Amino acid sequence: MTTLRVAIVDDHAMFRTGVRAEIDGPVDIVAEAEDVDSAVKVIAETTPDVVLLDVHMPGGGGLEVIRRLHLRHPDTKFLALSVSDAAEDVIGIIRAGARGYVTKNISGPELLDAINRVAQGDAVFSPRLAGFVLDAFAGTIEVAQVDEEIDRLTEREREVMRLIARGYAYKEVAKELFISIKTVETHVSSVLRKLQLSSRHELTRWANDRRLI
Amino acid sequence: MGGVATGVAEHFGIPVLYVRLAFIVGTWFHGMGVIAYLLLWRFLPLRQPDLSPGLESATRRGLRTSGRPGAFEVFQTVALGAVGVGVMFMIQASGRGIAGSLFAPLLIGVIGLAVIWRQFDDAAWGRWMRQTKGFGFAMRVAAGAVLVASAGIYFLSQERGWSAIVDLASAVAVAGLGLLLILGPWITKLLGDLSEERRERVRSQERADVAAHLHDSVLQTLALLQKNAGDSAVVATLARRQERELRAWLYGNDEKPGDSLVAALRASAADVEDAHRVPVEVIAVGDAALDPDVAALAKAAREAMINAAKHAQVDRIDVYAETDGRTVEVFVRDRGVGFDTDSIAEDRMGVRGSIIGRVERHGGTVTIRSSPGEGTEVALSVPVRTGDQAPPEPATERVPTEEVSP
């Protein structure tokens, strides 16, 4: 497997340096940027495999970067990195197209693992994101009232989300539910897709309550 | 219907009923009530929720993306416009409307004004402040002005038949109304700015107080960090505590431990972090009021956290709380050394008494799963007491299920 090419987009130089020190080597860091405009520019030039994207940034935040690049560079995957735990920002950036969300206190090996996962097209859910997702899809709705499969989580997906929120790694989730890691990945990707595409009333309202969309 | 009456009533400090009556009475005069309602619905600013200081400043500095007018908004505008025009034509058709010679110019004038008004929509205002010289802005104001002017000219050229005095009076009235409509947004904006500024001043004073306090605490922590630079555990704990404090202030998690289950769990997590230097991550879906049952659950969860911090030898504890309205569940998990669950009866009386016993007295269940080397997870759950229903039966013959993962 060729070395993954990664870009770091964050307005704190110290944080960029720290991340570079931790993951440079196993992955190839091809670009750094500190605001939306420069990020859009260098990502368009270097077309990295994975972009580590800060949520809050000058020029409109990570959301704006994804908005401007997602259609033109569908092969570039975005992984959101943030200290902000505000639900609306996290869900917002996922709905814009990021493949995952991790907090900045993540360890180096865990971050590398997350980058690899995202590069392979899988989704990366931290416990916190899993909590937000369960919150967003919370509330029981009658099965008969659901028009779209996309508007609710299956029982299995909900179980997977709950275990992730409880601090289980994918491997541990797989063991707990007697399924393969691949199946866990499939469930998580499916949840990500629903989160991005669902127009479920509750989800929309939940998002609106937090001034999103 | 659209919250208009409530908003207006709130603005003037009068009962909402009066406003509704005014709209209804207004409808008798050429449907003005309906039209006014629709216009207000479209143009009244939406209430701006107060964000926490951190988010507010991030928004101010453009670090976040604020909402854009979506397709829904455009659709809503068009729909409201269509209804407005429909109502107008209906009134015209019923013959009680404005005289034909006035109607057409008035319509053009109103459309022109609407174009200008659109500039002062709340979202547009921010953009406008920054790019006053924008070509688009000039074009749209010009288009609006031309429409208004052509309405006036048309009106003047059509002037005949009516008595001169009535014409003059209505012309002046129309002009005055037009002027008011054009200047209206500015005037209201000015008034709004004034009160906003007053609020801002109070807020900034509060913020200065908190900032002073925070700076003290951050500086203290930094000083301590320098002193303890050799001891990585102390450094990590200090950094973690400071992070929590800042986060609570910036992102508004400043609830008190007695408020709710989640607040109690967060407070316990903070205490455990400080006392045992192990980070505790609390994730919650939903929240529950701290009634006696839930309080017992929170206390048991606290004991579980302390146990994990003391014995598991880990660098991280995960706490997950969830409620679906019928039961409240809390999971405390570590990836530590674990223990043999068979042995808890003998040498872990703390677990029996303070965790299992406490929860079961409140009708709940406790499941402890652990095995040496595999880590431990304590699952706690109590049923939610709804309304004035009698407290659940004291725990019957229920024995805690203690399973050992393979």
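The values are calculated or read from the model by the stated rules, or taken from the named source; none is laboratory data. Computed from a predicted model, the values in this text were never measured in an experiment. Cβ sites come from the backbone with ideal geometry, for glycine too, and all protein chains shown count toward neighbours.
Restricting the stretch A:111-136 to residues that are assigned to a loop (DSSP other than H, G, I, E, B) and without any contact (Cβ under 8 Å) to a residue 40 or more places away in the chain, the residue that is nearest to the other protein chains (Cβ to nearest Cβ) is A:126.
Conditions tested, residue by residue: (1) more than 22 Å from residue B:365 (Cα to Cα); (2) more than 12 Å from chain A (Cβ to nearest Cβ); (3) crowded, with 18+ Cβ neighbours inside 10 Å; (4) in contact with a helix residue (DSSP H, G or I) (Cβ under 8 Å, 6 or more places away or on another chain).
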| site | (1), (2), (3), (4) |
| --- | --- |
| B:272 | yes, yes, yes, yes |
| B:275 | yes, yes, no, yes |
| B:279 | yes, no, yes, yes |
| B:284 | no, no, yes, yes |
| B:300 | no, yes, yes, yes |
| B:303 | no, yes, yes, yes |
| B:306 | no, yes, yes, yes |
| B:310 | yes, yes, no, yes |
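So which residues in the stretch A:52-96 are assigned to a helix (DSSP H, G or I) and closer than 24 Å to residue B:244 by Cα?
The answer is A:61, A:62, A:87, A:88, A:89, A:90, A:91, A:92, A:93.
Scanning the stretch A:159-182 for residues being hydroxyl-bearing (Ser, Thr, Tyr) and either at pLDDT 90 or above or not in a helix (DSSP H, G or I) (or both) gives a total of 2. The conditions of being closer than 22 Å to residue A:125 by Cα and either more than 14 Å from every other protein chain (Cβ to nearest Cβ) or touching a helix residue (DSSP H, G or I) at 6+ places or on another chain (Cβ under 6 Å) (or both) are not met by residue A:71.
Considering only residues of the stretch B:339-365 that are hydrophobic (A, V, I, L, M, F, W, C) and modelled with pLDDT of 80 or more, which is nearest to the chain's Cα centre (by Cα)? Out of the qualifying residues, it is B:359.
Filtering the stretch B:258-304 to residues that are farther than 18 Å from residue B:382 by Cα and part of a helix (DSSP H, G or I) leaves B:266, B:267, B:268, B:269, B:270, B:271, B:272, B:273, B:274, B:275, B:276. Across the stretch A:18-51, the number of residues qualifying as more than 10 Å from chain B (Cβ to nearest Cβ), in a helix (DSSP H, G or I) and not hydroxyl-bearing (Ser, Thr, Tyr) comes to 14.
Quick one: which of B:373, B:336 is within 14 Å of chain A (Cβ to nearest Cβ), part of a loop (DSSP other than H, G, I, E, B), at pLDDT below 85 and crowded, with 19+ Cβ neighbours inside 10 Å? None of the others qualify; the one that does is B:336.
Taken together, the criteria place residue A:150 among residues that are modelled with pLDDT under 80 and either in a helix (DSSP H, G or I) or under 10 Å from the mean Cα position of the chain (by Cα) (or both). Just need a number here: residues in the stretch B:312-333 that are more than 12 Å from chain A (Cβ to nearest Cβ) and either assigned to a helix (DSSP H, G or I) or free of Cβ contacts under 8 Å to residues at least 60 places away in the same chain (or both). Residues that pass the stated criteria total 2. Residue A:108 passes every criterion in (1) facing chain B (nearest Cβ under 9 Å); (2) of a type outside the set (A, V, I, L, M, F, W, C); (3) over 20 Å from residue A:153 (Cα atoms); (4) in contact (Cβ under 8 Å) with a residue 40 or more places away in the chain apart from (1). Report, by residue number, each residue of the stretch A:45-101 that is under 12 Å from the mean Cα position of the chain (by Cα) and small (Gly, Ala, Ser). Matches in the stretch A:45-101: A:62, A:80, A:82, A:92, A:96, A:97, A:98, A:100. Restricting to the stretch B:238-269, what's the tally of residues that are modelled with pLDDT under 80 and farther than 30 Å from residue B:286 by Cβ? The number of residues fulfilling the criteria is 0.
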